[in-house]
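A short write-up of the structure that comes next.
The values are calculated or read from the model by the stated rules, or taken from the named source; none is laboratory data. Everything quoted here is computed from the prediction, not taken from an experiment. Glycine also receives a Cβ, built like all others from the backbone with ideal geometry; neighbour counts cover every protein chain displayed.
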Amino acid sequence: METELLDLSLNELQNKLQNSEISPVELVEASISRYQNFDKEINSFVSFNSKESLQKAREVDVSRENGPLAGIPLALKDNLCRAGYATTCGSNILEGHRPPYTATAVKAIEEAGAIIVGNANMDEFAMGSSTETSAYGLTRNPWDTERVPGGSSGGSAAAVAAGIVPAALGSDTGGSIRQPAAFSGVVGFKPTYGRVSRYGLIAFASSLDQIGPITRTVEDAALLTEIISGHDPADSTSLDQPVPEYHGNINPKPENLTVGIPAEYFGEGVDEEVETIVRQAASDLKAEGAELVDVSLSTTEQAISAYYVIATAEASSNLARFDGVRYGPRAQEFEDMIDMYSQTRAEGFGAEVKRRIMLGTFVLSSGYYEAYYGKAQKVRTLIKRDFENAFEKCDLILTPTTPTAAFKLGSRVDDPVQMYMNDVLTAPTNLAGLPAITLPVDANSDGLPVAAQLIGPSLSEQMLFDIAYLLQELSPWEPCSAPLKE
Amino acid sequence: MKNEIVIGLEVHVQLKTKSKLFCGCSTEFGADPNANTCPVCMGWPGTLPVLNRRAVEFGMLAALSLNCEINQDIKFDRKNYFYPDLPKAYQISQYDMPLAEEGQVEVELDGEKAVVGIERLHLEEDAGKLVHSTAGAESYVDYNRTSVPLAEIVTKPDITSPEQAEVFLRSLKQRMEYLEVSDCNMEEGSLRCDANLSVRTPEGELGTKTEVKNMNSFKGVRKALAYEAQRQKKVLSSGGEVVQETRLWDESEQITREMRSKEEAHDYRYFPEPDLVPVKIDSKWQSEVKQCLPEMPEEKYERFQAEYDLSDEATQTLTASRPLADFFERALTGDVSPRSVSNLIIADLKREMNERDWTINDVNITPENLAALARMFEEDVISSNVCSELIAELVESGGDPEAIVEERDLKQISDAGELEAIIDEVINENPDAVEDIRSGADQAIGFLIGQVMQKTQGQADPGQARKMLQERV
């Protein structure tokens, strides 16, 4: 069946395109066909441009000079700006908003030849772990449509898991790439803070946000990361460091490798089956010659509180610009200027976004700043130090990505604290600015994917791809699309 | 009681960099509404600021001229508030690690010198401007000014009178003009000043202060502060209490009015700007900037005093503005004396400028033209009248003074032979005046000189005429 084309890796697709075994039109048609068959049910896309994508597929020249993604359909999370295309962050307050410019990372994949077929659904303003808070409806997990795909990049993860696209871009503030990738049985990578330009990523929490790939294989994640990485003069926080050829250099050498196992990441709240599966992954590495050592990340418990203080503080400021003055819908009825702001924001934002704006406003308020924001910054420093100390004993850290496999739709959406606990194993790396990759390693007894996370020191991207690739080879999980019924 | 008024100023100076503080847009004043905007300064979602290093350097120059210490580590912070002219709903400013601190400026008022301390100087971005429709129903926003760099200069509460506040502001403007970092034009808004004022209790304790805003000229600052000081004194002497509040100066009514009370004050929720990295100002950068520091007013004054034989007043006038001082020095070509150039500038050129409300940059006469006129005057080639008239003409339309003098035959008559017939004529026509002089009324000679000048259409050399008249009478 033609749509199975989309189960191939980026590299395989590129080879087939260049050998004229397949055409970009066939590939885009396959993508459209899967979108039409599956997306009514899983709702992974906010917008999908069939006609235009086909047109582009007809025009594209797939020769190698035209880039490693020439002719390959990809999806963007709905918070990545593309000039002229609606970019809404899953929110009513940006309904119909068409940015006048294109994000640096998006430009990079366009220049690499990708055909962007549409924007993937997300929790409103990337605030959530289930993709249930989007103004454009919830997204379902392709492995079990009664379950969430994770969030906030749930649309991107579900679209890749469903095989509508071979890869997508997401953004990760506290786990928003890794957690949905884990729930959806795909690979997700959060680069070192500053590795990828944030210019054009609609900000949630500026000091934590990072754009990254969601793919079906580790090699694909390496390839996409390589394409979108690099210094950008438009982003002062982007790192001025050379970008290695991650994809071409993947070299899985487990010898002399020391893998840290932090007890704090296997403790209370982590599902037993998840723990067993991830410990098995560690054993698999050990069997290949890696050494396993216990490391301590004692600040893990405080990390989630610090994360929610810092992320909401920055968000309260970042989201203040959505006021209906310059873009987005404005409330129809209001009494004066202040009321115009209030009504516009009351109508435009959903409950979770409002909750976080209020939290963030509170923690920055005069009289509370030191007790909350000031303290959280101190905890952040301790977390960084914790990781630094751990990396003196090991090369990388292996943990579960999430405490549990995908949970049922609606089961946590009314309990914010329960929902926030989803980020407990992923948010510390954002606070420390470190790179981390997640990949599915096995299925649990419900047949749901369970993922392992590898965390490395700053700019250790290559090592993470190397070892994740090795784990991908060793583990029982085979990269594949979810078995959705057509 | 002395020093009973306590004033501190917060001055915003627009830095005239070519581009804005965080994007590449032009800072040019007077462009079509929203012509100088881009996604970054418009605060479009997803955009990020990039610091303009030139603006940091302009700020450093301003700080150095106020004798401030430049901080090695500086950072930017967000000041959060909602207003339509603020597209991101926060202003990128500096909170606890400003560009510079602890400066001081000497000011002189009525011969008395005083030192005004500078608390800090920090960089921040300007806001846009609201434009209200004439019908009053709609408001529009012009974002051209958004993100134009500002240096906010905060003085210590060292100023003791409204007059001293005005002197301080003029001195600040003079410094910024010398540095060429700002025009400091209050009417155009390139310098804005808010003031905190309180009145001491009879026991000498600090009173409650009010903040005064909306002053649009240096004179306005003086008047507003004088009004506010009187108002507070009246409140206190009638047994009342001064309320801590912000008050607006009403230029047309010449009073201050309550704008908002302390309770309504904003909580700006400052926090470090995560989109910018902290800036390190190492000694290398600082010394590079220091090298660009021009001669400042005090130094120029001292040098002029030492190098040129001028009166204090003339030196003061010439060094008041750097372009004027430069004009003066450029006119010192050849062997023309500084004093005659200075005289022409102060007596004639300044008068012509004042009449037209022009600055030295607006005049069409060049320093070389002025030098030529001074030389011709010194060498008695032209009379002072002709010289004045030519300055007036050249200020307006420019031209080569030597060619004009030649062409219109404006050389003064100092040749005794040429003057003799006219002197004879005047003596014959004015026997009464001649008699007066002979009987000792010397002032009558002035009348006769006037007659000579009239007959020669101003071209006679009055000195020569006087000499000859004295001899003949």
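Among the conditions (1) within 14 Å of another protein chain (Cβ to nearest Cβ); (2) within 24 Å of the chain's Cα centre (by Cα), A:Ile277 misses just one, which is (1). Checking each residue in the stretch B:148-193 for being surrounded by fewer than 22 Cβ atoms within 10 Å (Cβ to Cβ), among the hydroxyl-bearing types (Ser, Thr, Tyr) and closer than 26 Å to B:Val40 by Cβ picks out only B:Ser190. Remark: B:Pro84 falls outside the filter, which requires a residue to be within 21 Å of B:Gln14 (Cβ to Cβ), assigned to a loop (DSSP other than H, G, I, E, B) and either aliphatic (A, V, I, L, M) or away from chain A (no Cβ under 14 Å) (or both).
Confirm whether B:Lys300 is surrounded by fewer than 17 Cβ atoms within 10 Å (Cβ to Cβ), farther than 30 Å from A:Asp235 by Cβ and modelled with pLDDT of 90 or more. Lay out the reasoning, then the answer.
Working: surrounded by fewer than 17 Cβ atoms within 10 Å (Cβ to Cβ): no; farther than 30 Å from A:Asp235 by Cβ: yes; modelled with pLDDT of 90 or more: yes.
It is false that B:Lys300 is surrounded by fewer than 17 Cβ atoms within 10 Å (Cβ to Cβ), farther than 30 Å from A:Asp235 by Cβ and modelled with pLDDT of 90 or more.
Which residue is farthest from B:Ala100 (Cα to Cα), if the candidates are limited to the stretch B:131-164 and must be outside any strand (DSSP E or B) and of a type in the set (Gly, Ala, Ser)? Going through the qualifying residues, I end up with B:Ala135.
Within the stretch B:256-290, no residue satisfies the criterion of being assigned to a loop (DSSP other than H, G, I, E, B), small (Gly, Ala, Ser) and farther than 30 Å from B:Thr208 by Cβ.
Results for (1) within 14 Å of chain A (Cβ to nearest Cβ); (2) buried (at least 16 other Cβ atoms within 10 Å of the Cβ); (3) free of Cβ contacts under 8 Å to residues at least 24 places away in the same chain; (4) of a type outside the set (Ser, Thr, Tyr), shown as yes or no for each residue.
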| position | (1), (2), (3), (4) |
| --- | --- |
| B:Ile5 | no, yes, no, yes |
| B:Leu9 | no, yes, no, yes |
| B:Gln14 | no, yes, no, yes |
| B:Leu21 | yes, yes, no, yes |
| B:Thr27 | no, yes, no, no |
| B:Ala31 | no, no, no, yes |
| B:Asn34 | yes, no, no, yes |
| B:Leu48 | yes, yes, no, yes |
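Scanning the stretch A:30-63 for residues that are part of a helix (DSSP H, G or I), in contact with a helix residue (DSSP H, G or I) (Cβ under 7 Å, 6 or more places away or on another chain) and of a type outside the set (Ser, Thr, Tyr) turns up A:Ala30, A:Ile32, A:Arg34, A:Ile42, A:Leu54, A:Ala57, A:Arg58. When residues in the stretch B:48-107 are screened for being touching a Leu at 6+ places or on another chain (Cβ under 8 Å) and closer than 23 Å to B:Glu177 by Cα, 21 of them pass.
In the stretch A:67-124, what residues are assigned to a helix (DSSP H, G or I) and of a type outside the set (Lys, Arg)? Let's see the steps before the verdict.
The first filter runs over the stretch A:67-124 and keeps only residues assigned to a helix (DSSP H, G or I), leaving A:92-94, A:104-111, A:124.
Passing the criteria: A:Asn92, A:Ile93, A:Leu94, A:Thr104, A:Ala105, A:Val106, A:Ala108, A:Ile109, A:Glu110, A:Glu111, A:Glu124.
Out of the helices (runs of 4 or more DSSP H) lying entirely within the stretch B:398-473, which hold 3 or more residues that are over 40 Å from the mean Cα position of the chain (by Cα) and not assigned by TED's automatic domain parsing to the domain that holds B:Ile365? Those helices (runs of 4 or more DSSP H) span B:416-429, B:431-438, B:444-455, B:462-472.
Annotation: of all residues in the stretch B:357-369 being free of Cβ contacts under 8 Å to residues at least 40 places away in the same chain and in a helix (DSSP H, G or I), the one that is surrounded by the most Cβ atoms within 10 Å (Cβ to Cβ) is B:Asn369.
Return the total of residues in the stretch B:50-64 being assigned to a loop (DSSP other than H, G, I, E, B) and either facing chain A (nearest Cβ under 7 Å) or hydrophobic (A, V, I, L, M, F, W, C) (or both). The total comes to 2. Against the list (1) at negative phi; (2) assigned to a loop (DSSP other than H, G, I, E, B); (3) out of contact with any helix residue (DSSP H, G or I) (no Cβ under 9 Å at 6 or more places or on another chain); (4) not small (Gly, Ala, Ser), the condition B:Val381 fails is (3). The set of residues in the stretch A:467-482 that are free of Cβ contacts under 8 Å to residues at least 40 places away in the same chain and farther than 29 Å from A:Ile397 by Cβ is empty.
Looking at B:Glu187, B:Glu177, which is the one that is assigned to a loop (DSSP other than H, G, I, E, B), under 18 Å from the mean Cα position of the chain (by Cα) and under 28 Å from B:Gly30 (Cβ atoms)? Even if it seems obvious, please write down each step before you answer.
Numbers: B:Glu177 fails: assigned to a loop (DSSP other than H, G, I, E, B).
The unique qualifying residue is B:Glu187.
Annotation note: of A:Thr361, A:Thr344, the sole residue that is within 10 Å of chain B (Cβ to nearest Cβ) and in a helix (DSSP H, G or I) is A:Thr361. The number of residues in the stretch A:397-413 being under 25 Å from A:Ala432 (Cα atoms) and of a type outside the set (A, V, I, L, M, F, W, C) comes to 6. For the stretch A:301-333, what are the residues that are farther than 20 Å from B:Pro45 by Cα and either polar (S, T, N, Q) or away from chain B (no Cβ under 13 Å) (or both)? Hits for the stretch A:301-333 are A:Glu301, A:Gln302, A:Ala303, A:Ile304, A:Ser305, A:Ala306, A:Tyr307, A:Tyr308, A:Gln332, A:Glu333.
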